[in-house]
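The values are calculated or read from the model by the stated rules, or taken from the named source; none is laboratory data. Since we're looking at a predicted model, the values are computed, not measured. All Cβ positions, glycine included, derive from the backbone under ideal geometry; neighbour counts span all protein chains shown. Side chains are part of the model used for accessible areas, which takes the heavy atoms of the whole protein and leaves out ligands, DNA and RNA. Shrake-Rupley method; radii C 1.70, N 1.55, O 1.52, S 1.80 Å.
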Amino acid sequence: MTTVPKTTRPAVIVEPMVAADWANVSSIYLEGIRTGNATFETLAPTWEQWDREHLQAGRVVARRGRTIAGWAALSKVSRRSCYAGVAEMSVYVATWARSHGVGDALMKACIAASEAAGIWTLQGSIFPENQASLRLCAANGFREVGRRERIGKREGVWRDTVLVERRSKVVGLE
């Protein structure tokens, strides 16, 4: 009898996102859009649009080998200075890489980057049907703070969202 060695997946490596990653990042974003449970958006933006709408801090990609398996980024929630330390986090994982720790690695790296940038609160708005994202948030210290009923339409259907937030234990304590 021959024993076949188990194949191991390459480790998840998280590193800063660069413009050259956009084709892969955009492709993963489109996968999320197609699920119908990731965002109200129906099209991916151009790199220029996306770049304008996201903070420089917290832009990360996860690689398995040479392949981008997911990405995370932060965006401002308000232009008002009193909310300078509050950001919205987005995490997207390629279909083939889901349930293999990629989302967790991205979220942990993005949280660390947010705190290094002085952000004291992270928030997210998640469709209640997206149970995997809600579990990921809970596992990383987010708490559910409410539910917005019929907050927006996607493809003509009213959708609810669950609001989650994570308060830093190291930033904004003074």
statement: Projecting the Cα atoms of Leu134, Met17, Val77 onto the charge dipole of the chain, where Lys and Arg contribute +1 and Asp and Glu -1 at Cβ, the residue farthest towards the positive end is Leu134
- prompt: Top to bottom by accessible area (1.4 Å), largest first, where do Cys82, Cys110 land?
  reply: Cys82, Cys110
Local net charge near Asp160, Cβ-Cβ under 10 Å (Lys/Arg +1, Asp/Glu -1): +2
- prompt: Can you give the net charge of the other residues whose Cβ lies under 15 Å from the Cβ of Arg147, counting K and R as +1 and D and E as -1?
  reply: -1
Nearest-10 value in Å² for the accessible area of Ser99, using the 1.4 Å probe: 120
task: Using a/c under 1.5 as the rounded threshold, could you call the stretch 113-158 rounded, prolate or oblate? The axes a ≥ b ≥ c are square roots of the C-alpha gyration tensor eigenvalues, and prolate needs a/b larger than b/c, oblate otherwise.
output: prolate
- prompt: Out of these labelled values of Rg and Dmax of the Cα atoms in Å, (1) 16.9, 68; (2) 25.0, 82; (3) 15.3, 44, which was calculated from the coordinates shown here?
  reply: (1)
field: Where trypsin sites (Lys or Arg not before Pro) fall in DSSP loop in the stretch 67-128, at most 16 other Cβ within 10 Å
entry: Arg79, Arg80, Arg98
field: Binned Cα-Cα distance frequencies in the stretch 73-174 - 5 Å width, integer %
entry: 2, 12, 21, 22, 19, 14, 7, 2, 0, 0
message: If you average the C-alpha positions of the stretch 135-174 and of the stretch 57-113 separately, how far apart do those two centres end up, in angstrom?
response: 15
- line: In Å², rounded to a whole number, the accessible area per residue of the stretch 1-120 with probe 1.4 Å is 58
- prompt: Put Tyr83, Tyr92 in order of accessible area, largest first, 1.4 Å probe: what do you get?
  reply: Tyr83, Tyr92
- prompt: Any idea of Arg148's accessible area? Nearest 10 Å², probe 1.4 Å.
  reply: 110
message: To test your reading of the geometry: what angle, between 0 and 90 degrees and rounded to tens, separates the Cα axis of helix 102-116 from the longest principal axis of the chain?
response: 40
- request: Quantify, in whole percent, the carbon and sulfur part of the accessible surface of the stretch 47-174 (1.4 Å probe; protein heavy atoms only).
  value: 47
